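For reference, the structure is listed below as structure tokens.
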Amino acid sequence: MIPFTRLAASACFSLATSFIALSAVADMAPETTPGATIYTMDDFSQYAPRTALEMVSRIPGFSIQGDDDGSRGFGQASGNVLINGQRVSGKSNGATESLDRISASSVVRLELVDASAFEIAGLSGHVVNVITNGDGAVSGTWRWRARFRDNLPPFYNGLNLTLSGGQGDISWSFKAESSPERGASNGPEFVTDGVGNLIQRREEDFTYAAEYVSVSGSVGWTPASGAIGNLNAKTTLFQPDRKETSKLFPVNGPEGRRLYEGAEDEVFVEVGGDYEFGFGPGRLKAIGLVRREDSPIIDRVFRGNVDGTDISESLFTRDIEEGEYILRTEYGFAFENGNDWQFALEGAFNYLDQQSSLASSEGGGPLELQTLPNANSRVEEQRGEVSVTHGRRLSPSVTGQVSIGAEISELSQSGDASNVRTFTRPKGFASLSWQVDPSLKLVTRLEREVGQLDFFDFVSSVNLSAGNGENGNPEIVPEQSWRLSAQAEKNYGGWGAATLEVFYSDIEDIVDRVPIGTGDGPGNLDSAWRVGAEWDATLKLDKVGFAGAELSFEGEYFESEVSDPLTGEVRPINDSSKYWMLAEMRQDVPRTDWSWGVGFERWERNPYYRLSETGQEGARPGFGFAYVEHKDLWGMTGQAMIGNVANQNDTFRRQLYDTNRLGNVVRVEDRARDFGPIFTVQLEGKF
């Protein structure tokens with residue numbers, strides 16, 4: 001283990017041991033944070049929220065940005081939600097999950113305030129601090145959901161149960177959830193040659209059914225000594241099943257059939273915790289996290305003609321184990337003039353272990369194993385990181401924060417491919433926050449980022465559904481980038497609020513698609529850039545005479561550029577997002593318990609590029625929905641929603657080339673699938 005990792009592990013283990021050994025005494029709710037805009041239950045009464053998540057989601061112009069469960073370790077805080085002034089020490093069990101476990105009746109207030117008020121390294125702009133009472137009362141919420149749609153049986157087991165409470169210096173929350181997923185679409189696919197002549201027509205029917213069950217919870221401890229401890233955990237079971245049947249009608253040749261089936265049985269566990277206490281002139285904090293996942297996967301394809309000829313079968317199996325262990329220590333102290341310092345040390349260990357096999361048969365014979373290089377392998381990364389962060393109030397309305405740091409990592413791979421490499425990467429950021437006036441805040445940030453590796457890029461795999469695969473690449477290194485962003489947060493009072501962020505990223509060693517041997521797979525390219533904008537706005541319509549109504553609009557737009565490693569042409573980053581938008585109109589009808597709403601969602605992605613094919617998914621014209629809601633249905637809130645009112649079709653177009661994309665197009669596959677209307681009924685209540 002490398003030195004930084006050893007040091008972080010030693011510090012965090014000693015603090016975790018102290019946390020387990022300590023006992024509890026009384027504590028009181030924190031005082032109001034200076035400069036905060038306060039929201040209470042009265043501000044959200046028209047929505048009849050049941051949980052803290054529903055309250056925070058209704059703050060005008062504010063979007064929850066949880067800590068990314070795919071981020072590189074813990075690092076510094078990147079979300080914009082705190083609970084009782086504390087960052088949530090979880091990744092998949094982060095801010096959104098924690099808020100959904102807290103009953104709205106347990107919320108004392110929400111504070112929308114500048115991040116500098118909390119002296120937490122990495123936070124910038126406006127954050128929401130959720131203050132809970134912990135008065136000993138146990139409260140809970142429940143939610144039931146059923147869904148009906150074409151081509152699939154309905155489900156009735158959409159369930160969500162939360163409990164939260166506290167006594168003295170102990171607070172706790174619990175959540176159990178069943179959230180089934182269903183999808184189905186069908187329609188024709190046309191296969192043509194390179195000049196547009198029809199080769200084959202396919203009638204395809206796709207179904208997707210998944211069961212998702214999770215249990216999560218947290219315990220918080222705030223004794224009178226000023227120490228703070230938190231422990232949270234989550235476990236999930238995810239079982240998706242995919243099926244695609246195709247009737248094949250070639251222009252020349254017998255009619256055929258094709259069946260694809262795919263299944264997974266994923267088990268996931270995450271446990272995280274933190275402990276903070278006063279030490280010398282500042283406070284010392286330890287954060288720990290353990291995540292484990294096991295995912296056996298099986299894919300199978302059968303094909304044959306109706307006359308019994310040309311029968312074939314392929315079977316691809318994978319057993320995947322993944323893990324992440326993080327230990328982090330932070331020591332920070334602040335001065336009365338608003339200046340603060342933080343010193344942080346972090347160690348992490350990540351791994352992926354994949355065992356795969358590919359078998360096939362022709363003419364109805366037995367399955368025979370096929371050679372699949374670099375498909376059975378274990379990938380590990382040991383990483384240590386150190387950083388120093390300084391925050392300073394430059395004037396009554398301007399605050400700044402600067403951080404410098406570095407990480408050292410060791411990447412190793414064993415099994416079909418063996419390799420060991422060590423890297424050192426600089427990291428850091430500088431940010432400025434300017435409160436122009438009480439209603440306008442401007443934030444700018446320049447950051448040196450190191451991207452998180454996708455360990456699946458190191459190992460080979462096969463996609464039987466698409467009829468292709470990818471070669472693993474043991475030489476991949478983490479992306480690095482300079483990211484410059486500017487954000488404006490504007491409160492328009494009775495008209496609503498809006499947030500807009502624009503950014504530019506200059507990327508080194510970007511992971512894209514590159515030729516590998518006679519095939520292709522993920523690999524690093526020298527450079528790329530990405531520019532984009534993200535926004536969230538709420539417009540209240542009371543002032544124009546539409547009482548109780550509001551229009552919300554959120555979205556993101558991106559442009560990017562990279563040089564293709566095969567053709568040398570300039571193109572967008574492989575399979576990257578181009579835009580996403582969601583608009584919703586809602587009215588809570590005055591002096592009634594009724595509300596209604598309509599919405600529209602649309603997205604577009606850039607094409608993907610492989611050695612011998614390109615393709616692009618689409619969804620046109622977009623997903624529209626409408627709902628009606630009653631907020632006192634025998635004490636419950638009831639909602640009925642109809643989805644896909646705009647009759648969205650899922651589209652896909654793929655071009656295949658002779659040898660590679662330098663050659664001629666030899667086949668085009670073009671499809672549009674209809675998935676019909678979706679009807680959802682939901683009831684929720686509290687106790």
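For the stretch 226-239, check the following and say yes or no: at least one residue is over 29 Å from Lys91 (Cα atoms), modelled with pLDDT under 95 and not in a strand (DSSP E or B).
From the stretch 226-239, those over 29 Å from Lys91 (Cα atoms) are none; that's our starting set.
No, the stretch 226-239 has no match at all.
Where in the stretch 421-496 are there strands (runs of 3 or more DSSP E), lying wholly inside it, with at least 3 residues that are small (Gly, Ala, Ser) and touching a residue at least 12 places away in the same chain (Cβ under 8 Å)? Full working, then the answer.
Numbers: elements: 440-450, 461-463, 468-470, 480-491.
In the stretch 421-496, 480-491 are the strands (runs of 3 or more DSSP E) which contain 3 or more residues that are small (Gly, Ala, Ser) and touching a residue at least 12 places away in the same chain (Cβ under 8 Å).
Quick one: how many residues across the stretch 119-176 are open to solvent by less than 40 Å² (accessible area, probe 1.4 Å), under 22 Å from Ile83 (Cβ atoms) and either assigned to a strand (DSSP E or B) or at pLDDT 90 or above (or both)?
Number of matching residues: 17.
So which residues in the stretch 40-56 are hydroxyl-bearing (Ser, Thr, Tyr) and within 18 Å of Gly165 (Cβ to Cβ), if there are any at all? Step through it out loud before you land on a result.
The first filter runs over the stretch 40-56 and keeps only residues hydroxyl-bearing (Ser, Thr, Tyr), leaving 40, 45, 47, 51.
Within the stretch 40-56, Thr51 is the sole residue that qualifies.
Can we say Asn647 is among the polar types (S, T, N, Q), under 27 Å from Phe206 (Cβ atoms) and either touching a residue at least 24 places away in the same chain (Cβ under 8 Å) or touching a Leu at 6+ places or on another chain (Cβ under 7 Å) (or both)?
Judged against the criteria, Asn647 is a match.
Do we have Asp307 as open to solvent by 50 Å² or more (accessible area, probe 1.4 Å), among the charged types (D, E, K, R) and modelled with pLDDT of 95 or more here? It would help to see each step written out before you state the result.
Values: open to solvent by 50 Å² or more (accessible area, probe 1.4 Å): yes; among the charged types (D, E, K, R): yes; modelled with pLDDT of 95 or more: no.
So Asp307 does not fit the description; no.
Could you list, in sequence order, the residues of the stretch 214-225 that are part of a loop (DSSP other than H, G, I, E, B) and open to solvent by 40 Å² or more (accessible area, probe 1.4 Å)?
Those that are part of a loop (DSSP other than H, G, I, E, B) and open to solvent by 40 Å² or more (accessible area, probe 1.4 Å): Thr222, Ala224, Ser225.
Name the residue, out of Ala406, Ala417, that is among the small types (Gly, Ala, Ser) and either closer than 16 Å to Gly73 by Cβ or not in a loop (DSSP other than H, G, I, E, B) (or both).
So the residue among Ala406, Ala417 that is among the small types (Gly, Ala, Ser) and either closer than 16 Å to Gly73 by Cβ or not in a loop (DSSP other than H, G, I, E, B) (or both) is Ala406.
Go through the stretch 338-370 and report how many residues are open to solvent by 40 Å² or more (accessible area, probe 1.4 Å) and of a type in the set (Asp, Glu).
2
Here is a yes/no grid of residues against (1) modelled with pLDDT of 75 or more; (2) over 24 Å from the mean Cα position of the chain (by Cα); (3) outside any strand (DSSP E or B); (4) surrounded by fewer than 19 Cβ atoms within 10 Å (Cβ to Cβ):
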site	(1), (2), (3), (4)
Thr5	no, yes, yes, no
Phe13	no, yes, yes, yes
Phe19	no, yes, yes, no
Ala26	no, yes, yes, yes
Thr32	yes, yes, yes, yes
Ile38	yes, yes, no, yes
Gln65	yes, no, yes, yes
Ser71	no, no, yes, yes
Gln76	no, no, yes, no
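Looking only at the stretch 244-288, how many residues end up being in a strand (DSSP E or B), charged (D, E, K, R) and within 21 Å of Tyr208 (Cα to Cα)?
Just the residues of the stretch 244-288 that are in a strand (DSSP E or B), to begin with: 244-250, 256-264, 266-279, 282-288.
Filter once more, keeping what is charged (D, E, K, R): 244, 247, 257-258, 261, 264, 266, 270, 274, 276, 283, 285.
Restricting the remaining residues to those that are within 21 Å of Tyr208 (Cα to Cα) gives 244, 247, 257-258, 261, 264, 266.
Number satisfying all stated conditions: 7.
Keeping to the stretch 587-632, report how many residues are over 28 Å from the mean Cα position of the chain (by Cα), open to solvent by 30 Å² or more (accessible area, probe 1.4 Å) and either over 23 Å from Glu550 (Cα atoms) or among the small types (Gly, Ala, Ser) (or both).
2
If I go through the stretch 325-374 residue by residue, how many of them are without any contact (Cβ under 8 Å) to a residue 24 or more places away in the chain and in a strand (DSSP E or B)?
3
Considering each of Phe302, Phe335, Phe316 in turn, give the residue that is hydrophobic (A, V, I, L, M, F, W, C), open to solvent by 20 Å² or more (accessible area, probe 1.4 Å) and touching a strand residue (DSSP E or B) at 6+ places or on another chain (Cβ under 7 Å).
Phe302
In the stretch 541-566, what residues are among the acidic types (Asp, Glu) and more than 24 Å from Ser505 (Cα to Cα)?
Across the stretch 541-566, the qualifying residues are Asp542, Glu550.
What residue, of Glu189, Glu211, is touching a Pro at 6+ places or on another chain (Cβ under 6 Å) and assigned to a strand (DSSP E or B)?
On the way: Glu189 fails: touching a Pro at 6+ places or on another chain (Cβ under 6 Å).
Only one candidate passes the filter, namely Glu211.
Quick grid of which residues meet (1) in contact with a Cys (Cβ under 8 Å, 6 or more places away or on another chain); (2) at pLDDT below 95; (3) surrounded by fewer than 20 Cβ atoms within 10 Å (Cβ to Cβ):
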{"position": "Gln413", "(1), (2), (3)": "no, yes, no"}
{"position": "Arg425", "(1), (2), (3)": "no, yes, yes"}
{"position": "Ser439", "(1), (2), (3)": "no, yes, yes"}
{"position": "Phe455", "(1), (2), (3)": "no, yes, no"}
{"position": "Pro478", "(1), (2), (3)": "no, yes, no"}
{"position": "Arg483", "(1), (2), (3)": "no, no, yes"}
{"position": "Gly493", "(1), (2), (3)": "no, yes, yes"}
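If Asp575 passes every condition in (1) part of a strand (DSSP E or B); (2) without any contact (Cβ under 8 Å) to a residue 40 or more places away in the chain but one, which one does it miss?
(1)
Regarding Glu508, is this residue surrounded by fewer than 18 Cβ atoms within 10 Å (Cβ to Cβ), touching a Phe, Trp or Tyr at 6+ places or on another chain (Cβ under 7 Å), in contact (Cβ under 8 Å) with a residue 12 or more places away in the chain and over 30 Å from Trp594 (Cα atoms)? Lay out the reasoning, then the answer.
Numbers: surrounded by fewer than 18 Cβ atoms within 10 Å (Cβ to Cβ): yes; touching a Phe, Trp or Tyr at 6+ places or on another chain (Cβ under 7 Å): no; in contact (Cβ under 8 Å) with a residue 12 or more places away in the chain: yes; over 30 Å from Trp594 (Cα atoms): yes.
Criteria not met by Glu508.
Just one of Glu669, Glu584 is within 26 Å of the chain's Cα centre (by Cα), in a strand (DSSP E or B), of a type in the set (Asp, Glu) and surrounded by 16 or more Cβ atoms within 10 Å (Cβ to Cβ); which is it? So that I can check it myself, show each step before the final result.
Values: Glu669 fails: within 26 Å of the chain's Cα centre (by Cα).
After applying the criteria, what remains is Glu584.
Anything in the stretch 532-573 that is at positive phi and out of contact with any strand residue (DSSP E or B) (no Cβ under 7 Å at 6 or more places or on another chain)? List them, or say none.
The answer is Gly545, Gly568.
Check off (1) crowded, with 20+ Cβ neighbours inside 10 Å; (2) in contact (Cβ under 8 Å) with a residue 60 or more places away in the chain for Pro515 and give me the number that stays unchecked.
Of everything listed in (1) crowded, with 20+ Cβ neighbours inside 10 Å; (2) in contact (Cβ under 8 Å) with a residue 60 or more places away in the chain, Pro515 misses just condition (1).
Here are the criteria: (1) surrounded by fewer than 20 Cβ atoms within 10 Å (Cβ to Cβ); (2) aliphatic (A, V, I, L, M); (3) at pLDDT 85 or above. Tell me which single one Leu99 does not satisfy.
(1)
Would you please list the contacts, defined by Cβ atoms under 6 Å and residues six or more apart or on different chains, that run from a residue in the stretch 233-248 that is in contact (Cβ under 8 Å) with a residue 60 or more places away in the chain and buried (at least 18 other Cβ atoms within 10 Å of the Cβ) to a residue that is part of a strand (DSSP E or B) and of a type in the set (D, E, K, R)?
Between residues of the stretch 233-248 that are in contact (Cβ under 8 Å) with a residue 60 or more places away in the chain and buried (at least 18 other Cβ atoms within 10 Å of the Cβ) and residues that are part of a strand (DSSP E or B) and of a type in the set (D, E, K, R), the close pairs are Lys234/Glu270.
The values are calculated or read from the model by the stated rules, or taken from the named source; none is laboratory data. Just so it is clear, the model here is predicted, and its values are computed rather than measured. Note that each Cβ is placed from the backbone with ideal geometry, even for glycine, and that neighbours are counted across all protein chains shown. For accessibility, only protein heavy atoms count, side chains too; no ligands or nucleic acids. Shrake-Rupley method; radii C 1.70, N 1.55, O 1.52, S 1.80 Å.
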